[in-house]
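Just below is one structure, and these are the notes that go with it.
The values are calculated or read from the model by the stated rules, or taken from the named source; none is laboratory data. Just so it is clear, the model here is predicted, and its values are computed rather than measured. Every residue, glycine among them, receives a Cβ derived from its backbone with ideal geometry; neighbour counts consider all protein chains shown. Ligands, DNA and RNA are stripped out before the accessible areas are found, and what is left, the full protein with its side chains, is counted by its heavy atoms. Shrake-Rupley method; radii C 1.70, N 1.55, O 1.52, S 1.80 Å.
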Amino acid sequence: MNLTHKKILLGIAGGIAAYKACELVRRLRDAGADIRVVMTENATRFVTPLTLQALSGNPVRVSLWDEEHEAAMGHIELARWADAILIAPASADMMARLAAGMADDLLSTLCLASEAPLLLAPAMNRVMWAHPATRANAQILLSRGIQLFGPGSGAQACGELGEGRMLEPLELVQRLAVAISPPSNPIGDAALFGKRVVITAGATREAIDPVRFISNRSSGRMGYAVAEAARDAGAEVVLISGVTSLPAPQDVTRIEVETALHMREAVMQAMPCDIFIGTAAVADYRPTETALQKIKKNADTLTLELVKNPDILSEVAALALRPFTVGFAAETEHLLDHARAKLQRKKLDMIAANLVSEGRAFDQADNALTILWGDSQIELPQADKRLLAQQLIQIIAQRVTQRA
Ligand code: CTP
């Protein structure tokens with residue numbers, strides 16, 4: 001666990017778990033981190049800024065309107081300074097304000113003004129944690145790529161027993177180190193240098209009429225992370241993207257498509273390539289006919305006839321000038337059996353399998369993957385999708401090099 005020279009901005013929100021932040025500061029320093037503490041007004045009711053100043057070795061900031069501190073290191077400078085922002089404890093109120101994008105005190109303003117990864121250690125009474133408002137806020141934060149560490153369950157300061165306890169300082173430091181460090185076996189800068197990589201990502205939309213369509217829950221995050229990892233490994237990357245709300249990654253050629261047929265056309269135009277990675281959730285079927293005008297609800301029942309879409313991945317794998325072809329398998333059960341069957345049926349070089357179900361994988365920042373090829377398999381445990389994408393690219397690069 002190494003955070004040497006990592007600049008960590010530790011935010012402390014108002015909650016009884018704030019007392020644990022003192023030990024957290026010690027642990028972060030033990031791991032080599034350079035720490036600046038920012039507290040909310042309410043946090044100062046539980047633990048004093050003086051204590052945290054002594055422990056962190058740096059002045060503690062509370063107010064946005066502190067002229068002396070603003071003159072030394074202004075809040076925008078502080079936002080830029082941080083390699084990561086960890087808020088521990090993150091109260092229900094703090095989560096709500098972050099989810100709403102508010103900037104009504106120093107800590108929330110810093111979160112909005114910083115591009116550094118934001119990590120939260122929620123801590124609150126179990127009923128507050130289970131409240132639909134907090135659950136919804138947690139979903140919003142997760143969907144923006146913000147990581148939540150915990151909460152754990154057990155005895156609470158309020159005397160109740162349940163989920164809502166802040167994770168222990170040591171565990172938080174470990175989780176932080178994993179979240180912000182490059183993978184243990186980093187991709188060589190040039191592992192894919194000179195390679196052309198084509199990646200599909202996101203969901204396709206199949207129009208029923210001018211206002212309605214069939215689609216799925218894919219956010220495109222995994223595919224975008226794979227595109228960035230391939231770019232970082234030195235590849236020339238073409239990202240053929242279905243509908244997502246994600247911005248185009250820098251130095252990647254993004255081609256936006258809507259339907260499976262558009263996606264297939266764009267993929268075939270992007271051929272030949274060295275590596276093809278199909279992360280898109282392509283609609284298996286499309287309406288046989290798309291109504292030219294909005295369908296009116298005149299009839300009591302409505303039957304839609306669907307026709308199968310071409311399987312883009314299989315078509316790429318069947319090309320005469322065939323790239324190293326990698327598929328994804330999203331399954332709700334019998335993960336490995338289904339994935340291995342798909343690997344063989346679609347004649348792929350490799351497949352990345354993951355379990356999907358309500359609240360899992362789709363539209364989440366985290367995921368877990370099993371990578372299968374030939375008779376081999378590697379488990380990539382639950383982690384941020386960016387980290388998983390780097391590990392996947394590293395495995396692909398090794399296989400491609402061995403085959404060459
Ligand atoms: N894929 C594709 N074109 C399609 C359907 C899927 O390129 N029309 C790709 C996906 O990008 C992914 C893999 O194939 O890499 C996933 O296949 P999937 O559709 O989940 O599996 P199927 O073989 O259709 O099996 P099933 O629907 O029964 O799970």
| Given H placed 1.01 Å from N in the peptide plane, which residues other than close sequence neighbours of Leu306 have an amide H under 5 Å from its amide H? | Thr288
| task | Report Rg (one decimal) and Dmax (nearest whole number) for region 27-150, counting Cα atoms only, units Å. | result | 14.5, 42
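Expressed in nm to one decimal, what extension gain is obtained for the pair Gln377 and Lys296 from 0.36 nm per residue of sequence separation less their Cα-Cα distance? Mind showing how you got there, number by number?
Details: separation 81, 0.36 × 81 = 29.16 nm, distance 5.09 nm.
Full extension from Gln377 to Lys296 adds 24.1 nm.
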| request: About the Cα centre of the chain, how large is the charge dipole given +1 on each Lys and Arg Cβ and -1 on each Asp and Glu Cβ? Please answer in debye to the nearest 20. | output: 640 debye
| field | Highest-fluctuation residue, Ala96, Ala318, Ala291 considered, GNM on the chain with Cα pairs under 10 Å | value | Ala291
| message | For the chain, take the longest principal axis of its alpha carbons; what is the angle in degrees between that and the long axis of helix 20-30, to the nearest 10 within 0 to 90? | response | 70 degrees
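Quick check: from the Cα gyration tensor, does region 84-205 come out rounded (a/c under 1.5), prolate or oblate?
Numbers: a/c = 2.05, a/b = 1.73, b/c = 1.19.
Because a/c hits 1.5 or more and a/b exceeds b/c, region 84-205 counts as prolate.
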| remark: With x for Gly and Pro, the residue-by-residue ³J(HN,Hα) of region 88-103, computed from phi through the Karplus equation 6.51 cos²θ - 1.76 cosθ + 1.60 at θ = phi - 60° and given in whole Hz, is 8, x, 9, 7, 4, 5, 4, 4, 5, 5, 5, 4, 7, x, 7, 9
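Just to confirm the filter: which GluC sites (Glu not before Pro) across region 219-328 are DSSP coil and have at most 13 other Cβ within 10 angstrom of their Cβ?
Listed in order of number, the matching sites are Glu289, Glu305.
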| Percent carbon-and-sulfur accessible area, region 7-180, ignoring ligands, DNA and RNA, probe 1.4 Å | 53 percent
| said: For Thr325, what residues show an amide H to amide H distance below 5 Å, using hydrogens built from the backbone and excluding near sequence neighbours? | reply: Phe276, Asp349, Met350
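Mean separation of Cα pairs under 8 Å and 6+ residues apart, divided by the residue count of region 7-180: what relative contact order is that in percent?
Numbers: 337 pairs, mean separation 40.7, N = 174.
For region 7-180, the relative contact order is 23 percent.
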| request: Determine the per residue accessible area of the chain with all protein chains present and a 1.4 angstrom probe, expressed in square angstrom. | output: 49 Å²
| said: Using only DSSP helix segments of four residues or longer, with each worth -39500 (n - 2.57), what per-residue ellipticity at 222 nm results for the chain after dividing by its residue count and rounding to 500? | reply: -10000 deg cm²/dmol
| Ignoring ligands, DNA and RNA, what percent of the 1.4 Å accessible area of region 202-281 is carbon and sulfur? | 46 percent
| task | Specify the longest stretch of the chain that does not include any exposed loop site, a site being one of the trypsin sites (Lys or Arg not before Pro) with a non-H, G, I, E, B DSSP assignment and at most 14 other Cβ atoms within 10 Å. | result | 1-143
| task | Take the Cα coordinates of region 196-403, assign each an equal point scatterer, and use the Debye formula without solvent to give log10 I(q)/I(0) at q = 0.12, 0.14, 0.17 Å⁻¹. | result | -0.60, -0.81, -1.17
| Helix 132-143: angle to the longest alpha-carbon principal axis of the chain, degrees 0 to 90, nearest 10? | 60 degrees
| message | Taking every alpha carbon pair in the chain, what does the distance histogram look like in 20 angstrom bins from 0, in percent? | response | 25, 48, 26, 2
| task | With θ set to phi - 60°, apply the Karplus curve 6.51 cos²θ - 1.76 cosθ + 1.60 along region 382-397 and write out the HN-Hα couplings as whole Hz, x wherever there is a Gly or Pro. | result | 2, 7, 4, 4, 5, 5, 4, 5, 5, 5, 4, 4, 5, 5, 4, 4
| field | Positive-end extreme of charge dipole, region 164-316 - chosen from Thr200, Val237, Ser314 (charges on Cβ) | value | Thr200
| message | Amide H of Gly11 versus every other amide H placed in the peptide plane: which residues, excluding those fewer than 5 positions away on the same chain, fall under 5 Å? | response | Val38, Leu86, Ile87, Ala88
| remark: Net charge (Lys, Arg +1; Asp, Glu -1) of residues whose beta-carbon lies under 12 Å from that of Gln250, Gln250 excluded, is -1
| message | If you fit an axis through the alpha-carbon atoms of helix 335-345 and take the longest principal axis of the Cα set of the chain, what angle between them do you get, 0 to 90°, nearest 10? | response | 30 degrees
| Over region 259-404, what relative contact order in percent results from Cα pairs under 8 Å that are six or more residues apart? | 16 percent
